[in-house]
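Undergrad: Pasting a structure here, questions to come.
The values are calculated or read from the model by the stated rules, or taken from the named source; none is laboratory data. None of these values were measured; they are calculated from a predicted model. Quick reminder, even Gly has a Cβ in these numbers, built from the backbone with ideal geometry, and neighbours come from all protein chains shown. These accessible areas exclude ligands, DNA and RNA; they are computed on the full protein's heavy atoms, side chains included. Shrake-Rupley method; radii C 1.70, N 1.55, O 1.52, S 1.80 Å.
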Amino acid sequence: MKIGIIGAMEEEVRLLIDEMKEKKESQIAGMTFYEGSLRKKNTVIVQSGIGKVNMAVCTQILIDRFDVTHLINTGVAGGLYKDIEVGDIVISSDALQHDMDATGFGYDPGVIPRMETSVFQADKEMIKTAREVCREVNPDIQCFVGRVVSGDQFISDNEKKHQLISNFDGYCAEMEGAAMAQAAYLNQVPFLILRAISDKADQEAAGSYEEFEKMAIQHIVRLVLGILDKE
Ligand code: ADE
């Protein structure tokens, strides 16, 4: 087992990198890959950069060059589901790209033309473990299993938010997860997306993000380390 852990931003991976033992660094495509032991598990941690293209490139490198057997995307997200609060966690049931739009050809929003599926299923065993661990390590917050919707857009508008809920049944919106999910699907590598809610993807999103990002990251780091302790 070798687990690839990807965060888009420095602050999403820093605490994990600091915790890693026997680190070996390598640079590929402008990204720094840290290979080593995290809670005694063979892992590779990397900051992909923001957005779906960065994430897709990063995921393929982890698979081709580092031979990872499992993939985890960790970070923060905007909450969509009605009962979700800032600080809560979403464990991906599956993921799709909300900005894929071939509706002009009669496809439903989010559908990737000429692919067998556009909704990529997270690994069931990984979901189960994450759900159990989340209750143990974060007893004071809610932990949901639901759909992650990704796009190259920071969602900070109520109308757009409600579109993402009604079109896709999204639990949270972020900018990378579904790209990792699609690359994982194409390569048949099991994956999981873990996101803590930094804002509610509405008009107050930017301010909320600034205020609560740090707290959200603490929750998600606790979960990632708890999963590694368990496996
Ligand atoms: N990441 C954190 N909050 C987000 C939002 N509102 N939209 C997209 N990505 C996010």
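Undergrad: Averaged per residue, what accessible surface does the range 2-65 expose to a 1.4 Å probe, in Å²?
TA: Values: 2950 Å² over 64 residues.
Accessible area per residue, the range 2-65: 46 Å².
Undergrad: If only Cα atoms are counted, what is the Rg of the range 75-231, and what is its Dmax, in Å?
TA: Radius of gyration, then largest Cα-Cα span, for the range 75-231: 15.2, 48 Å.
Undergrad: Tell me, what % of the accessible area of the range 1-51 is carbon and sulfur with a 1.4 angstrom probe?
TA: Working: 1140 of 2410 Å².
C and S fraction of accessible area: 47 percent.
Undergrad: As a test of the definition: which semi-axes, in Å, follow for the range 158-231 when you take the square root of five times each eigenvalue of its alpha carbon gyration tensor? Largest first, please. Before the final figure, lay out the partial values.
TA: On the way: eigenvalues 118, 80, 16 Å².
After diagonalising the Cα gyration tensor, the semi-axes are 24, 20, 9 Å.
Undergrad: Hey, any idea what % of the range 191-231's accessible area is carbon plus sulfur with a 1.4 Å probe? Don't skip to the end; give the middle numbers.
TA: Values: 800 of 1660 Å².
Ligands and nucleic acids excluded, carbon and sulfur reach 48 percent.
Undergrad: Moving on. Which net charge results when you count Lys and Arg as +1 and Asp and Glu as -1 among the other residues whose beta-carbon is under 13 Å from that of ARG147?
TA: Details: positive: ARG195; negative: ASP94, ASP169, GLU174.
My count for the surroundings of ARG147 gives -2.
Undergrad: How much length, in nm to one decimal, is gained on full extension between GLN188 and SER26, taken as 0.36 nm per residue of separation minus their Cα-Cα distance? Provide the component values of the computation, followed by the final result.
TA: On the way: separation 162, 0.36 × 162 = 58.32 nm, distance 2.47 nm.
55.9 nm is the gain from fully extending GLN188 to SER26.
Undergrad: Of the candidates ALA184, ALA216, ALA102, which one comes out as most mobile in a Gaussian network treatment of the chain with C-alpha springs shorter than 10 Å?
TA: Checking each option, the largest mean-square fluctuation is seen for ALA102.
Undergrad: Percent of accessible area on the range 53-174 owned by carbon and sulfur, 1.4 Å probe?
TA: Working: 2680 of 5830 Å².
Here it works out to 46 percent.
Undergrad: Another one. As a test of the definition: which semi-axes, in Å, follow for the range 25-65 when you take the square root of five times each eigenvalue of its alpha carbon gyration tensor? Largest first, please.
TA: Numbers: eigenvalues 72, 20, 18 Å².
Equivalent ellipsoid of the range 25-65: 19, 10, 9 Å, largest first.
Undergrad: To check you understand DSSP bridge types, tell me what percent of the beta bridges within the chain (both residues inside) are antiparallel, rounded to 5.
TA: Numbers: 19 of 47 bridges.
Of all bridge pairs located within the chain, approximately 40 percent are antiparallel.
Undergrad: GLY170's amide H: which non-local residues (gap 5+, or another chain) put their own amide H closer than 5 Å, with H modeled 1.01 Å from N in plane and none for Pro or chain starts?
TA: Residues meeting the amide H criterion: ILE165.
Undergrad: Using a basic spin-label model with each label point 7 Å from the Cα along Cα→Cβ, how many nm lie between LEU15 and VAL53?
TA: With each label point 7 Å from Cα toward Cβ, the separation is 3.2 nm.
Undergrad: For the range 108-192, with every protein chain kept in place, what is the accessible area per residue (1.4 Å probe, Å²)? Don't skip to the answer; put the middle values down first.
TA: Working: 4310 Å² over 85 residues.
With all protein chains present, the range 108-192 gives 51 Å² per residue.
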